[in-house]
Structures are given as C-alpha cells and as structure tokens.
Amino acid sequence: MRTLSGIPVVDGVVIAEALVLEAEKYRLPGTQSFMADGQDPELSKKERARYREAVQAAKDEIAAQIVKRGPTHPASMILNFHQNMLEDEGGFHEHVDAYIESGRSAEHAVARRVNFYRRKFRESSYTARLVPDIDDLETTLLRHLIGEERETVGDLTVPVVVIARDLTPQQTLTLDLKMVLGFATDEGGKTSHTAILAQSLDLPAIVGLGRVTDIVTGGELVILDGRAGKVIIDPDEATLARYKERQKKFEAQKLGLEELKALPAETLDGHRLTLLANIAQPEEIEVAIKAGAEGIGLYRTEFLYSDENPDPSEEFHLKEYNRAIDLVGGRPLVIRTLDLGADKFVPAGISGENNPFLGCRSIRYCLMEREDVFLRQLRAILRASSSGDVRIMLPMISSLEELVRAKAMIEDAKRELRAEGIPYREDIPIGIMIEVPSAAIMADALAQHADFFSIGTNDLVQYVVAVDRTNQKVQELYEPAHPAVFRLLLTTIEAARRAKIPVSICGELSGDPMFTLPLIGLGLRDLSMAPSLIPRIKRFIRSITAIEAGRDMDQVLTHSSSTRNREYLGRRARDLDPEFFD
Ligand code: PEP
Ligand code: MG
C-alpha cells in the first residue's frame, strides 16, 4: 500500500481500478487477472507464454518496418532502440517474468517495467529524450498483448479512476463519465481549468500529486479521497474497509443536502443570498437548477472551441446560447465573452507564447488579434438576448481603454444587427470581470462604465501573488487567503457600492466554505460557483449570521499574514459546520 498527497479539487470517495492515461491509451486488464493468492504456477506459465508471443510479434513488426523504411531512416533509429530492448538489453524480460511470477498479468508486468525505465530516463536531461521511445515500445507490446479486445478510454466496460500526468480541459470533456469515477494528476492547480471542469462535472479529483504516474502502472486498486487530496494505491484490508465506510457517509451527506434544494440561501439573521452557477456547456444547466442555482452567473463560452471546431460560426454560437436560454428557463444567463488562451483552448494565432497567462489572452485576443471572431460572438449574444435574460460579461479587463473599446465593438455589432433588421435587446447589461489587479485598483473608474462587476478570484489571486494557477510546484504560494486579496476584494466591492452597480463573485472562492464568512462579511450577496457546490454552501449560509460574518471580516482585515487568515477562517468554518470538515 502507498499513499500520495496532492491538491484536493472535488470532494468524494472513489474506490476503483486505476487507468493510466498517458502510458496506456487503453485500459490494462487489471486486478481481476491477479492470482488470488499471488502465486499460481500454471497461470504464470500461461502469462509468460503470452508475453513471449507478444515480444516475438513486436520484433517481427519492428523488423518489417525497418526493412520498409531503410536502416538510415530516422524512424529506424528509434526502432533499433526498441529492438535492442526486446533483445533483452538491461534484463527487460527477466524483470517482466519476475513480476508475472509475483502474480501480475503480463500487461501489468510490461507496464511496470516500462515505468521503471521512464523514471530512470527522466533523471537526466540526456536520457529524458528517450521517454517517448519507451512509451512507444510499451504501446506496441501492449497492443500485441491486449489485441483487438482492448478498451479505449471512450468505451470502458469497468469503472476506473483515471491517472494522468495532466489532463487538458478538452480531454476531460471526452471522458466516459459512466465509467470514469474520478481522476488524479501529477500536475495542475486547484483553479486550473481542468480542475474547474472536474467541479462542473462533479467528478472527484485530485491534482498536483507530483509523481502518481511514476508509481501507478494501471490495473491496481486505488482509493481516491477527494476531500483529503489522497490517493491510496493497493490499499490493505483495514484501509479499504475504512474507506468503504467513508464512502457511505459521504453519500449520506449528499442525500442530506438534497433536502436543502428548495430552501432559500438565507442567513440566520434574514440576509438572502443568490446562488448562481458557473458552467462550461449548456448541458450543465439542468444539473445546476436541480442543485438550487437561481441562474447562471458565468457561462465560460471558450469551451465552444475545440480542435474539431477551432473557429465556430455565428450560427453555432447562437445555437448554443439559445439552448442555454431554453434550459435556464427565464433565469439570468451571464454569457462571458471569449477567454481563449493560456490553459484554455489556444487558437493557432497565439500559440507558443513564453508567458501565455500574461500574453495575448482573452479580451486582448478579441481586441488585438481577432476582432472578427469577437464581433461574431457579440452578434450571436445580442441575437440571443431577444429571447432571454442574457447579460454580457467581459473577461480580463485591465484598463478603462479596453472596456471602452470592447463596448464600442458591442455598439458596432448592434448597429449591424439594426441595419439587418435582426432583433436584440438594446439595453442588454454589460458587465466586467474584476480579475486583474489593475482593474480592482481602478474599480471606481471602471464602475462608471460597467453595469455590473463579477470578481474572478482564480485569476485575481494568480496575478496578485504572481503564481501560475496551473503550476503544481508553486501551488503552496497560490494563496487566496492572502491579505492583499482581501484588500482588493474590499476596494472592488466598495467601488461597486458607491457606483450603485451589482457586484458578485464567480471565482472558485465562492464555493469554498472557508471563504463564505468573509465574502458575506464583505457584503457580497450574489455568489456564482460550480453547480455541485451549491447545496453545501447553502447549508453553510443557513447556519451563520451576516453580523458574525461582518465581525469575522473586520478581524481578517486586521491580519497581515495569510497563515493567520487561514487559521482563523479554517477554525471558524469548522466550528460552524464540523460535519463537513472531518
Ligand atoms: C476567474 O478567473 O476567477 C474566473 C472565474 O475565470 P476563469 O476561471 O475562467 O479564468
Ligand atoms: Mg479568469
């Protein structure tokens, strides 16, 4: 049994077989082919024979490819490397045999030995270049072992926990959610977009584990503890039994939360809050409404972009927005304009930047690089506004000039639609995200030109403390409880109040109970979060008073250290709702 700790992203307990995405690309026949008592001479003989056959088939295939390409072809050099390994260089077969003898399937034994080489090769920059080659060799051998019956990630027959170095948001969206019960990655941060998608999909997840792919081979039984951020590999009996109990408790808690859905998000002293949902695709709206969302506070439209559809048409945008309007049923729908780039879909024109989070991302891409793409989206949003309570939200605004320019483009889009006789809502609200420190500092000036603010703490935190939100190495420094963050929240909220415009929050902070007290204490009444978090936050809100929250916030504003804030807020949240923090 081994336990690894990472960054918890989505709560939940999952017990299932591991599927390592990067190496396998298909599921290894796992624990079910382990021998019950770890040793069975007949079975291991059969497994060894299967392995030898696969090696022979791989050798024949490689030799044929070398003949086809000629020995000097660059691909043949790589194939030579494969050949040498298969000729038992470094005792490859001996180790595979030993694993088989210890009760593992041939597939598992191959993957494990390859994992050993992968780790070894990564130790030096000279040998690191061989990693893709050993990956290829593994793929070839596994293909021959598993044959045509292999299962791809999109069509699995048993439930799994996906283990990967990293997952892109796009990969996450293609997971077969009936069979993928959770995932764990080496890389990533709590607010990376993959983590955000996991929240949206309510898929238990842990990121930033550092080296889980070095340790898990695929096919092992793993426990994923999404609350503590732990992955337990090959658990012993006692641990397994303990986690089965936890799983039951977690399910019971979830059921308890169901009962809250119809009740208002109201503090004990009568302050009513509006809980809204963040979504990445219209399909999530139904789940969000069921969870108690009173509207959509953030629709991340960049997920309309994909490798298959890198440049969606106006009609495609409109179709999706109309679908969202139908599903949201008269409630508000805040459509955020494209936030392309950085760790989301990167259009061809802006790939390869040194610092994509500081580069031509989001509104900058729309204004500086592709006005046509922006205009197309604005036209679609405006057209959709004639049939629902649609609002426009501009991301990554960092200056008044940017806001003025974006608004001028909205006017251009309106003018075009007017000339074409296409209906839209003339007084559609235009709000901005406050997620860049310069915007928070200049919130009073921006408030004169915006109909509403929505605070995006995911980016605000990364830019305030200068920590890449996706970089696992520096995640400890990504600190939402930093006093500088609270000061900027205060500046923003006060500016909105003075200008009499609504202000809400849509960063991940809004779904973290540790921050509910200070957010309410700062005067926020509209919180937008991942749908799955709504019931939990509602429960928390219903157990506190706004007066207490105000006092807590006053206290926090006197602190000058994040550690102090964490201790204070963690203790307060635990005292108020102990059941959810054990
Ligand atoms: C944010 O930055 O807080 C936010 C909500 O936007 P995103 O996570 O999509 O960058
Ligand atoms: Mg953002």
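In percent, what relative contact order does the range 41-146 have, based on Cα pairs under 8 Å that are 6 or more apart in sequence?
33 percent
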Exercise. Beyond 31 Å, what share of the Cα-Cα pairs of the chain remains, rounded to the nearest whole percent?
Worked result: 54 percent
For this session: Considering the options 495, 1, 505, tell which one lies farthest towards the positive end of the dipole of the chain, charges being +1 on Lys and Arg and -1 on Asp and Glu at the Cβ, about the Cα centre.
Result: 495
For this session: Summarise the long-distance tail of P(r) for the range 403-535 by giving the % of C-alpha pairs beyond 24 Å.
Result: 37 percent
Exercise. Between residue 45 and residue 251, what FRET efficiency follows from the Cβ-Cβ distance if R0 is 41 Å, with the result rounded to 0.05?
Worked result: 0.40
Seminar exercise, completed: Quick calc: nm separation of the 7 Å Cα→Cβ label points for residue 353 and residue 139 -> 3.1 nm
Exercise. For the range 332-421, which GluC sites (Glu not before Pro) are both in a DSSP coil and crowded by at most 16 other Cβ atoms within 10 Å?
Worked result: 353
For this session: Report the label-to-label distance for residue 563 and residue 177 in nanometres (one decimal), using points 7 Å from each Cα along the Cα→Cβ vector.
Result: 4.1 nm
Exercise. Quick one: helix 106-122 against the long Cα principal axis of the chain, what's the angle to the nearest 10°, folded into 0 to 90?
Worked result: 70 degrees
For this session: Among the GluC sites (Glu not before Pro) in the range 425-504, which ones are in a DSSP loop with at most 15 other Cβ atoms within 10 Å of the Cβ? Mind listing them?
Result: 426
For this session: Rank-order 233-246, 517-530 by packing density, defined as the average count of other C-beta atoms within 10 Å over each peptide's residues, highest first.
Result: 517-530, 233-246
Seminar exercise, completed: Taking a straight Cα-to-Cα line shorter than 21 Å from residue 414, and setting aside same-chain lysines fewer than 8 residues away, one finds 319
Exercise. ³J(HN,Hα) across the range 435-451 via Karplus (A = 6.51, B = -1.76, C = 1.60, θ = phi - 60°), whole Hz, x for Gly/Pro?
Worked result: 9, 10, x, 4, 6, 5, 5, 9, 4, 4, 5, 5, 4, 6, 10, 10, 7
For this session: Classify the range 41-146 as rounded, prolate or oblate, taking a ≥ b ≥ c as the square roots of the eigenvalues of its Cα gyration tensor: rounded when a/c is under 1.5, otherwise prolate if a/b is larger than b/c and oblate if not.
Result: oblate
Seminar exercise, completed: As a Kirkwood estimate from alpha-carbon pairs, the range 189-246 has a hydrodynamic radius in angstrom of 12.7 Å
Exercise. If R0 is 45 Å, what FRET efficiency do you get for residue 405 and residue 551 from their C-beta distance, rounded to 0.05?
Worked result: 0.60
Seminar exercise, completed: Fewest-first ordering of 433, 179, 368 by Cβ atoms within 10 Å yields 368, 179, 433
For this session: With a ≥ b ≥ c taken as the square roots of the eigenvalues of the C-alpha gyration tensor of the range 173-275, please select rounded if a/c is under 1.5 and otherwise prolate if a/b is larger than b/c or oblate if it is not?
Result: prolate
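If you place +1 on the Cβ of every Lys and Arg and -1 on the Cβ of every Asp and Glu, how big does the dipole about the Cα centre of the chain come out, in debye to the nearest 20? Show your work: numbers first, answer last.
Working: 72 positive and 90 negative charges, 234 e Å.
So the magnitude is around 1120 debye.
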For this session: Just the number, please: percent antiparallel of the DSSP beta bridges in the chain, rounded to the nearest 5.
Result: 35 percent
Seminar exercise, completed: Quick note on 250, 515, 116, ordering by fewest other C-beta atoms within 10 Å, gives 116, 250, 515
Exercise. What are the residues whose amide H is under 5 Å from the amide H of residue 544, where those residues sit 5 or more places off or on another chain and H is modelled from the backbone?
Worked result: 268
Exercise. Calculated FRET efficiency, residue 57 and residue 98, Cβ-Cβ r, R0 22 Å, to nearest 0.05?
Worked result: 0.50
Exercise. Once amide H atoms are placed 1.01 Å from N in the peptide plane, what residues at a sequence separation of 5 or more from residue 296, or on another chain, have their amide H within under 5 Å of its amide H?
Worked result: 277, 333, 334
For this session: In nm, give the distance between the simple-model label positions of residue 466 and residue 575, each being 7 Å from the Cα along the Cα-to-Cβ direction.
Result: 3.7 nm
Problem set entry | Whole-number percent relative contact order across the chain, with pairs defined as alpha carbons under 8 Å at least 6 apart | 15 percent
Problem set entry | Alpha-carbon centroids, the range 186-239 and the range 513-549: separation in whole Å | 27 Å
Problem set entry | In the range 73-134, trypsin sites (Lys or Arg not before Pro) in a DSSP loop with at most 14 other beta-carbon atoms within 10 Å | 129
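Neighbour counts of other C-beta atoms within 10 Å: give me 298, 394 arranged from fewest to most. The partial results should precede the final answer.
Values: 298 27, 394 24.
By the 10 Å Cβ count, ascending: 394, 298.
We did not get these values from a lab; they are worked out from the coordinates using the rules stated. This one's a predicted model, so the numbers in the text were calculated from it and none came from an experiment. Note that we place each Cβ from the backbone using ideal geometry, even for glycine, and neighbour counts take in every protein chain shown.
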